[in-house]
Amino acid sequence: MKKPTNYVARKPDEHGFIEYPAEEHETWRILYERQIKALDNRACPEFLKGLEILGLSAEEIPQLNDINEKLLECTGWSVARVPALISFDRFFELLANRQFPVATFIRTLEELDYLQEPDIFHEIFGHCPLLTNPDFAQLTEIYGQLGLKAGKEERVYLARLYWMTVEFGLVSTDEGLRIYGGGILSSFKETIYALESSEPVRQPFDLMAALRTPYRIDILQPVYFIIQSLSELHSLTEMDLMAKVHDAMKLGLLEPKFAPKTA
């Protein structure tokens, strides 16, 4: 998971307060306002409720202590300040202990639309609102616990489950299809594409298919899985997920729905 990065996470003072320069607050404002407009009638109700609970706004980059206060009250979760990139072991350890990693830097305007490293906008705006939801929070915790114990190949299969749910999941609602995956919720382009483009395949969530579906991190997703409600995520935690991983490993991967990455 550790790769070279041009970003450096900002450190807090002795009171836990991080001083961001004005231009970084402005980047947050641009991202926030653009994304809020894009998510109108596209984000799931639980995400919008989480935004309200956390008190997020376009005004400034939020302080982690403020996020922690609200998350702890809702689901016992908190966020943990991390460098731009961390090891898989550290990632799983944090999730297993109900701590969501947040790198305290924000992308530059030159990388406004796509950033390979997860920045504070992706982590706080994309993921933290749904960590106020018990079902979403439970799956994220169990995923961390499983990842800590898993071997290298098992982790690769588990990563596909995380990708197809926590990062890029869709949910059916009475008002229509909505977004709950943080990778979509924090991406302007993918927000529109995921719901309205005729290109991707949208299919009902199937655990075995999710575990076996290849993906790439640097393209708009060719496949989205649809759950019927967020309670379906909780149901996953009541299964023997590692047994399902082993079944998927025996069956092997499905045919990719994307072109191979060229050098």
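Summary table below
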{"read-out": "Built amide H within the under 5 Å cut-off of Ala103, gap 5+", "value": "Val82"}
{"read-out": "Around Asn6: net Lys/Arg minus Asp/Glu count, Cβ-Cβ under 10 Å", "value": "-2"}
{"read-out": "Charge context of Pro134, other residues only, Cβ under 11 angstrom, K/R +1, D/E -1", "value": "-3"}
{"read-out": "Pairwise centroid distance, computed over Cα atoms, of region 15-49 with region 62-101, Å", "value": "18"}
{"read-out": "3J(HN,Hα) from dihedral phi, region 219-229, Karplus parametrisation 6.51/-1.76/1.60, rounded to Hz, x for glycine, proline", "value": "9, 5, 5, x, 9, 10, 9, 10, 8, 8, 6"}
{"read-out": "Relative contact order for the chain, counting Cα pairs under 8 Å that sit 6 or more residues apart, in percent", "value": "19"}
{"read-out": "Two-site FRET efficiency, Glu73 against Leu254, from Cβ-Cβ distance with R₀ of 35 Å, rounded to 0.05", "value": "0.30"}
{"read-out": "C-alpha center-to-center spacing [region 211-244, region 165-191] in angstrom", "value": "13"}
{"read-out": "Modelled FRET efficiency - R0 25 Å, Met242 with Lys49, Cβ distances, 0.05 increments", "value": "0.20"}
{"read-out": "Cross-link table Lys149/Lys261; Lys49/Lys257; Lys189/Lys261; Lys11/Lys152, entries beyond 23 Å C-alpha to C-alpha", "value": "Lys149/Lys261; Lys49/Lys257; Lys11/Lys152"}
{"read-out": "Stretch gain in nm, segment Glu59-Glu111, where the contour uses 0.36 nm per residue and the Cα spacing is subtracted", "value": "16.7 nm"}
{"read-out": "Under Karplus coefficients 6.51, -1.76 and 1.60, residue-wise ³J(HN,Hα) of region 159-173 in Hz, glycine/proline x", "value": "4, 5, 4, 4, 4, 7, 10, 4, 8, 9, x, 10, 9, 7, 10"}
{"read-out": "Cα gyration tensor category, rounded, prolate or oblate, for region 118-263 with a/c compared to 1.5", "value": "rounded"}
{"read-out": "Theoretical gain in end-to-end length, Glu196 to Gln228 [0.36 nm per residue, Cα-Cα removed]", "value": "9.7 nm"}
{"read-out": "Net charge of neighbours whose Cβ lies under 12 Å from the Cβ of Tyr157, counting Lys and Arg as +1 and Asp and Glu as -1", "value": "+3"}
{"read-out": "Residues Thr132, Thr165, Thr237, sorted so that the one with the fewest Cβ neighbours within 10 Å comes first", "value": "Thr237, Thr132, Thr165"}
{"read-out": "Charge dipole (debye, nearest 20) of the chain; +1 at Cβ of Lys and Arg, -1 at Cβ of Asp and Glu", "value": "960"}
{"read-out": "Region 197-202 - phi-based ³J(HN,Hα) in whole Hz, Karplus 6.51/-1.76/1.60, Gly and Pro as x", "value": "6, 8, 6, x, 8, 10"}
{"read-out": "Along each principal axis, Cα extent of region 116-162, largest first, Å", "value": "31, 28, 15"}
{"read-out": "Packing-based exposure ordering (other Cβ within 10 Å, fewest first) of Glu111, Glu141", "value": "Glu111, Glu141"}
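Just so you know, all these numbers are worked out from the coordinates, no wet-lab data involved. Because the structure is predicted, anything quoted here is derived from the model rather than measured. Positions of Cβ are generated from backbone atoms using ideal geometry, with glycine treated the same way; all protein chains shown enter the neighbour counts.
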